[in-house]
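Each remark here refers to the structure printed beneath this line.
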Amino acid sequence: MKVRKVKKSSTEFINKEFEVSSQLKRFNQKNDIFSRAIWDETINPKKFFLSYDIANYAPKKSKGFDHWDYAFRNASWHLTDVVGERDFESRGAVEGFTDYYTIQTEASPSKVEITSIEDTTHRIKLAAKMFGAGMVGICNIDKRWVYSHNFDRKTQEAKPFDLPKGMKHAIMIIVPMDYELSKTYPAALSGAATGIGYSTGLNCANTMAQFIINLGYNAIASLNDTALNIPMAIEAGLGEYGRHGLLINQKFGPNIRIAKVFTDLPLLADKPVEFGVKKFCNVCERCSKSCPVKAIPFGDPQTSPPNFSSQTGIKKWTVNAEKCFRFWVGMNTDCAICIRVCPYNKDFSKWWHRVGIKFANSPFRKLVLKTDDVWKFGERVLTSKWWQKGIRNQ
């Protein structure tokens, strides 16, 4: 895959690529669809959240929704839930989703000597990969992506928010999710891919933050909380924006989770990259056609979002979060059909997929779509085959 680094600054690139206007305001976390499910009567979560307690799961006759599947999915979320909700009763926090993590131990009494920012950046990226990152990039903190308020799920109050003073950079961490599980979406079983991704992100971000704290600098670990992951990951050179509203990473496609660490450690920021995603999404529309509730837009990017769960003042493809979440609620698990059918969702450890993606990012992109049809890439794999495959390999 030919990946081109953008020459412009990250801010200039984002402003032009997404036609950012003066109407863009920092997003209030109270308005994201998961927070709205807590306070907005028009968004009824029914048993969606409850099903993540195995005592409340509701098995279905559909493949991928039996006791084994829910037990596996819920186990994958166990550490993320236990660590994240340990202060819920005292301050309404769900760390990793409404608040950043506060589990770090005391800092070193002295700061490490920085002799080279280049070497420091290299060491930080090396450490992130050792702690579980598939890829890692660094961006300067753009306050436009930091939430204006975070949401207390206990009191249902939105509290004004800003990052601690002195934070200059975000270390953006790409966590690849399991490719074989992604082929079984949507099912309770495949929801484990998400849970495992978040658990890995929790470990990587928090160990990275502690590493930096041990060096004598400030750092805070974060998953979906605190700031918008996708624009920051784009600024950090970790991919492009797809029609389905997800980051498409140059190494793992859209089948990823994103974690981050904010820090005042001196680091070199990366540049955004381009490798043809926008041109491909313009002709593909697989995600739009495959979405059961038509939550993913066809046609060109829009300036007006479908509802207030998305930002205004920016031109992009925006998923209708209300339609999307209602489908999740109906299944009692996350969907991600859009990830499964995306032609960028491939096992890039295979050389033929790496060759195919080169065609996707060239004038021969329509050939890739025809090849996907012939070889039935993106078709759902039965969850029973996933279980049996694992058993046969023992």
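Before moving on, here are some points about what is shown:
- Extension gain from residue 303 to residue 140, taking 0.36 nm per residue of separation minus the Cα-Cα distance: 56.1 nm
- Ranking 160, 298, 216 by how far each Cα lies toward the positive end of the dipole of region 4-392 (charges on Cβ) leaves 298 at the top.
- Rounded to the nearest 20 debye, the dipole magnitude of region 157-293 is 300 debye, with +1 charges on Lys and Arg beta carbons, -1 on Asp and Glu beta carbons, and the Cα centre as origin.
- Amide proton proximity set for residue 317, modelled H, under 5 Å, gap of 5+: 302
- Pairs of Lys residues in region 204-340 that lie 8 or more places apart, or on two chains, and have C-alpha atoms under 15 angstrom apart add up to 5.
- Listed residues 55, 88, 44: farthest to the positive end of the dipole of region 1-159 (Cβ charges): 44
- Loop-located trypsin sites (Lys or Arg not before Pro) in region 156-188 (DSSP state other than H, G, I, E, B) with a sparse environment of at most 15 neighbouring Cβ atoms within 10 Å: 165, 168.
- For region 155-300, the Cα gyration tensor yields ellipsoid semi-axes of 29, 18, 16 Å (square root of five times each eigenvalue, largest first, whole Å).
- For region 287-299, Karplus couplings with θ = phi - 60° (6.51, -1.76, 1.60), whole Hz, Gly/Pro x: 5, 5, 5, 8, 5, x, 10, 6, 7, 9, x, 8, x
- Test item: Cα-centred dipole of region 4-392, Lys/Arg +1 and Asp/Glu -1 on Cβ, debye: 1600 debye
- The relative contact order of the chain comes to 23 percent, based on Cα pairs under 8 Å that sit 6 or more residues apart.
- Virtual paramagnetic centre 7 Å along Cα→Cβ of residue 358, amide N under 19 Å, in region 265-284: 274-277, 280
- Cα convex hull volume per residue for region 1-111 (Å³): 295 Å³
- Amide H to amide H, with H built 1.01 Å from N, residue 257 comes under 5 Å of 175, 177, counting only residues 5 or more places away or on other chains.
- Read-out Kirkwood radius over Cα pairs in Å, derived from the coordinates shown; its label in (1) 23.4; (2) 21.7; (3) 23.9: (2)
- Sparsely packed loop sites in region 71-176 (the GluC sites (Glu not before Pro) outside DSSP H, G, I, E and B with at most 10 other Cβ atoms within 10 Å) comprise 106, 113.
- One chain, two ends: residue 115 and residue 2. Fully extended at 0.36 nm per residue, the span grows by 37.3 nm beyond their Cα-Cα distance.
- A full extension of the chain between residue 379 and residue 165 corresponds to an added length of 72.2 nm, given 0.36 nm per residue minus the alpha carbon distance.
- In region 285-386, the chymotrypsin sites (Phe, Trp or Tyr not before Pro) that fall in loop regions by DSSP, at most 16 other Cβ within 10 Å: 298, 308, 364
Since every read-out is calculated from the coordinates, none of them should be taken as a lab result. Everything numeric in this text was worked out from a predicted model, so none of it was measured. Quick reminder, even Gly has a Cβ in these numbers, built from the backbone with ideal geometry, and neighbours come from all protein chains shown.
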